[in-house]
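The structure under discussion appears below in the form of structure tokens.
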Amino acid sequence: MAIQFDTIWMESVDSTNTEIVRRYDSLDNLSVIAAVNQTAGRGQRGNVWTVEPGANLTFSILLRFGESCLAPLKASSQFTISEAVTLALAEYFEGEGINAKIKWPNDIYVRDRKLVGILIENSLKGDEVGRSIVGIGINCNQREFPPQLMNPTSMSLLTGKRYDTKAALDDFLAVLGKYLEIMETSEGRSQMHQLYLTKMYRLGELHEYTDCLTGEVFNGTIKGISESALLQVEMPDGSIKEFAFKEISYIL
Ligand code: BTN
């Protein structure tokens with residue numbers, strides 16, 4: 001049976017990720033909470049996610065794993081969730097004529113500009129993922145951004161069109177459903193992993209990065225990601241170094 005989402009639209013909420021937590025006990029697997037206006041959106045690394053009310057898509061998806069939910073997922077394989085979500089976004093954008101790349105671990109970029117931010121909050125049960133709250137902010141119709149945001153873009157800036165955000169959410173969820181089905185088998189997961197590599201931003205290109213642990217700026221080439229989802233970068237001396245999320249910063 002095709003995967004179905006149960007979407008609740010709210011006029012205004014602080015953060016859709018937080019709202020999922022508040023309503024957790026009454027929500028089924030595959031519930032989606034979307035907000036026309038999000039007043040205290042949360043981003044990665046403790047940042048805030050601020051958007052023009054009504055212009056963009058801000059929503060969160062509840063994924064439960066285990067019995068009568070999605071197939072059990074080992075904690076060590078939790079990066080698969082990022083892969084499914086980012087691949088679904090890339091495919092959705094392709095359908096809209098936008099060539100999007102995945103900036104490891106889970107941003108969506110078009111050229112050097114950020115189109116989507118993703119905040120995935122997993123909770124583990126022993127060595128498995130119990131549930132995941134996948135928060136997604138897609139810049140749809142916003143055309144002007146605060147100057148402190150370094151490099152944002154939007155679907156509208158890229159294509160010149162205006163988007164119906166409710167229809168856009170439904171279209172995206174249809175693609176995501178397909179990837180959640182693919183995620184159910186180990187063969188599907190390894191196919192997704194290969195596909196993720198082909199969609200990676202800056203893969204095989206020489207660019208500048210900062211090693212956040214030493215402060216050193218270096219020229220490196222992204223070669224791939226390790227089994228444990230670390231970023232593998234070829235360093236100036238030819239060695240391959242693996243970085244965790246907070247250990248490397250892309251210089252744009
Ligand atoms: C990032 O820092 O790039 C991640 C931003 C994630 C923003 C989305 S908007 C919907 C959901 N609710 C939140 O509070 N954050 C995520």
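The values are calculated or read from the model by the stated rules, or taken from the named source; none is laboratory data. Nothing here was measured: the structure is a model prediction, and the numbers come from that model. Here the Cβ positions follow ideal geometry from the backbone for every residue, glycine too, while neighbour counts run over all protein chains shown. Note: areas computed on protein heavy atoms with side chains; ligands, DNA, RNA excluded. Shrake-Rupley method; radii C 1.70, N 1.55, O 1.52, S 1.80 Å.
Brief remarks on what is shown
- Within region 90-108, being within 12 Å of the ligand (Cβ to nearest atom) and either farther than 22 Å from Lys178 by Cα or surrounded by 22 or more Cβ atoms within 10 Å (Cβ to Cβ) (or both) holds for Asn106, Ile108.
- Scanning region 197-227 for residues that are open to solvent by 10 Å² or more (accessible area, probe 1.4 Å), β-branched (Val, Ile, Thr) and within 24 Å of Arg111 (Cβ to Cβ) returns Thr198, Thr210, Val217, Thr221, Ile225.
- Residues that are farther than 29 Å from Glu247 by Cα and either within 12 Å of the ligand (Cβ to nearest atom) or surrounded by 15 or more Cβ atoms within 10 Å (Cβ to Cβ) (or both), drawn from region 45-55: Glu52, Ala55
- Checking each residue in region 206-252 for being in contact (Cβ under 8 Å) with a residue 40 or more places away in the chain and acidic (Asp, Glu) picks out only Glu208.
- Whichever residue in region 17-44 is over 22 Å from Leu149 (Cβ atoms) and open to solvent by 50 Å² or more (accessible area, probe 1.4 Å) and, among such residues, is nearest to the ligand (Cβ to nearest atom): Val21
- Residue check for Thr7: within 13 Å of the ligand (Cβ to nearest atom) and either among the charged types (D, E, K, R) or touching a strand residue (DSSP E or B) at 6+ places or on another chain (Cβ under 9 Å) (or both): no
- Residues (more than 13 Å from the ligand (Cβ to nearest atom) and on the phi < 0 side of the Ramachandran plot) located in region 114-131: Asn122, Ser123, Leu124, Lys125, Asp127, Glu128, Val129, Gly130, Arg131
- Single match in Ser123, Ser82, Ser31 (criterion: modelled with pLDDT of 95 or more and touching a Pro at 6+ places or on another chain (Cβ under 9 Å)): Ser82
- With respect to the conditions (1) among the polar types (S, T, N, Q); (2) exposed (fewer than 15 other Cβ atoms within 10 Å of the Cβ); (3) within 12 Å of the ligand (Cβ to nearest atom), Thr58 falls short on a single one, namely (2).
- Residues of region 186-196 satisfying the condition of being open to solvent by 40 Å² or more (accessible area, probe 1.4 Å) and either free of Cβ contacts under 8 Å to residues at least 60 places away in the same chain or touching a Lys or Arg at 6+ places or on another chain (Cβ under 6 Å) (or both): Ser186, Glu187, Ser190, Gln191, Gln194
- Options Ala174, Ala168, Ala84; residue that is of a type in the set (A, V, I, L, M), open to solvent by 50 Å² or more (accessible area, probe 1.4 Å), under 20 Å from Gln4 (Cα atoms) and not in a strand (DSSP E or B): Ala174
- Selected residue (criterion: surrounded by the fewest Cβ atoms within 10 Å (Cβ to Cβ)) from residues of region 61-81 that are in a strand (DSSP E or B) and touching a Lys or Arg at 6+ places or on another chain (Cβ under 8 Å): Arg64
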